[in-house]
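Participant: So that we are looking at the same thing, I have put the structure below in structure tokens.
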Amino acid sequence: MHRLEPPEALQALHDGALLVDTRPHEQRARDGDIPGAVVVDRNVLEWRLDPQSDHRLAAISGHDQQVIVICNEGFSSSLAAATLRRLGLHRATDVVGGFQSWAAQGLPVTPPPQG
């Protein structure tokens with residue numbers, strides 16, 4: 001599986017890939033969100049992204065769709081992408097270094113609310 005560097009993932013997002021952020025609420029509240037990413041809790045990822053699931057996201061169009069998983073540091077996302085590939089999403093991959101690498105490279109992030 002070819003893992004994407006953050007700039008490659010951003011380009012794929014612009015080209016129509018589905019970027020799935022599996023970071024917990026606490027991390028997103030602390031660090032911010034990625035514009036255009038869909039948030040899916042890791043514990044429900046398979047049934048929300050499986051093209052054959054009655055509970056899949058509307059954004060899932062079929063097994064050929066490119067899905068890119070991003071977590072905080074790029075560890076759990078690689079396991080999640082491998083699981084999605086076993087479900088038949090053969091173009092599933094993840095982001096090397098996760099959100100921390102994405103943000104460190106200055107890619108778009110919506111800052112968390114101040115308060």
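Participant: Mind listing just one residue for me: the one in the range 43-93 that is polar (S, T, N, Q) and in a helix (DSSP H, G or I) and, of those, surrounded by the fewest Cβ atoms within 10 Å (Cβ to Cβ)?
Facilitator: The residue in question is N43.
Participant: Okay, moving on. Please go through the range 11-32 and pick out each residue that is over 11 Å from the mean Cα position of the chain (by Cα), touching a residue at least 60 places away in the same chain (Cβ under 8 Å) and buried (at least 16 other Cβ atoms within 10 Å of the Cβ). Outline the logic, then answer.
Facilitator: First, pick out the residues of the range 11-32 that are over 11 Å from the mean Cα position of the chain (by Cα): 11-12, 14-16, 24-32.
Those still in the list that are touching a residue at least 60 places away in the same chain (Cβ under 8 Å) too: 27-32.
Correct list: Q27, R28, D31, G32.
Participant: Return the pairs, sorted by first residue and then second, in which the second residue is in a loop (DSSP other than H, G, I, E, B), the first residue lies in the range 42-61 and is over 13 Å from L84 (Cβ atoms), the beta carbons are less than 8 Å apart, and the residues are 6+ apart or on different chains.
Facilitator: Taking only residues 6 or more apart or on different chains, the pairs are S61/P51.
Participant: Next question, about the same structure. D64 passes all but one of (1) under 19 Å from Q11 (Cα atoms); (2) in contact (Cβ under 8 Å) with a residue 60 or more places away in the chain; which number fails?
Facilitator: Condition not satisfied by D64: (2).
Participant: Could you list, in sequence order, the residues of the range 2-34 that are small (G, A, S), over 23 Å from S61 (Cβ atoms) and touching a strand residue (DSSP E or B) at 6+ places or on another chain (Cβ under 9 Å)?
Facilitator: G32
Participant: Give the residues of the range 2-42 that are assigned to a loop (DSSP other than H, G, I, E, B) and not charged (D, E, K, R), sorted by residue number.
Facilitator: H2, G16, A17, T22, P24, G32, I34, P35, G36, A37, V40
Participant: Checking A103 against (1) hydrophobic (A, V, I, L, M, F, W, C); (2) surrounded by 16 or more Cβ atoms within 10 Å (Cβ to Cβ); (3) not in a helix (DSSP H, G or I), which single condition isn't satisfied?
Facilitator: Condition not satisfied by A103: (3).
Participant: Would you mind stating whether Q65 is over 11 Å from the mean Cα position of the chain (by Cα), polar (S, T, N, Q) and modelled with pLDDT of 95 or more?
Facilitator: So Q65 fits the description; yes.
Participant: Hey, can you tell me all the residues within the range 10-33 that are of a type in the set (A, V, I, L, M) and in contact with a Lys or Arg (Cβ under 9 Å, 6 or more places away or on another chain)?
Facilitator: A17, V20
Participant: Another question, then. In the range 41-62, what count of residues is obtained for those that are more than 20 Å from L4 (Cα to Cα) and within 11 Å of the chain's Cα centre (by Cα)?
Facilitator: Going through the range 41-62 one residue at a time, the tally reaches 1.
Participant: For the list (1) farther than 25 Å from P111 by Cα; (2) touching a residue at least 60 places away in the same chain (Cβ under 8 Å); (3) under 13 Å from the mean Cα position of the chain (by Cα), I need the number of the one condition that L79 fails.
Facilitator: Failed condition: (2).
The values are calculated or read from the model by the stated rules, or taken from the named source; none is laboratory data. Keep in mind that what you see is a predicted model, and the values were worked out from it rather than measured. Quick reminder, even Gly has a Cβ in these numbers, built from the backbone with ideal geometry, and neighbours come from all protein chains shown.
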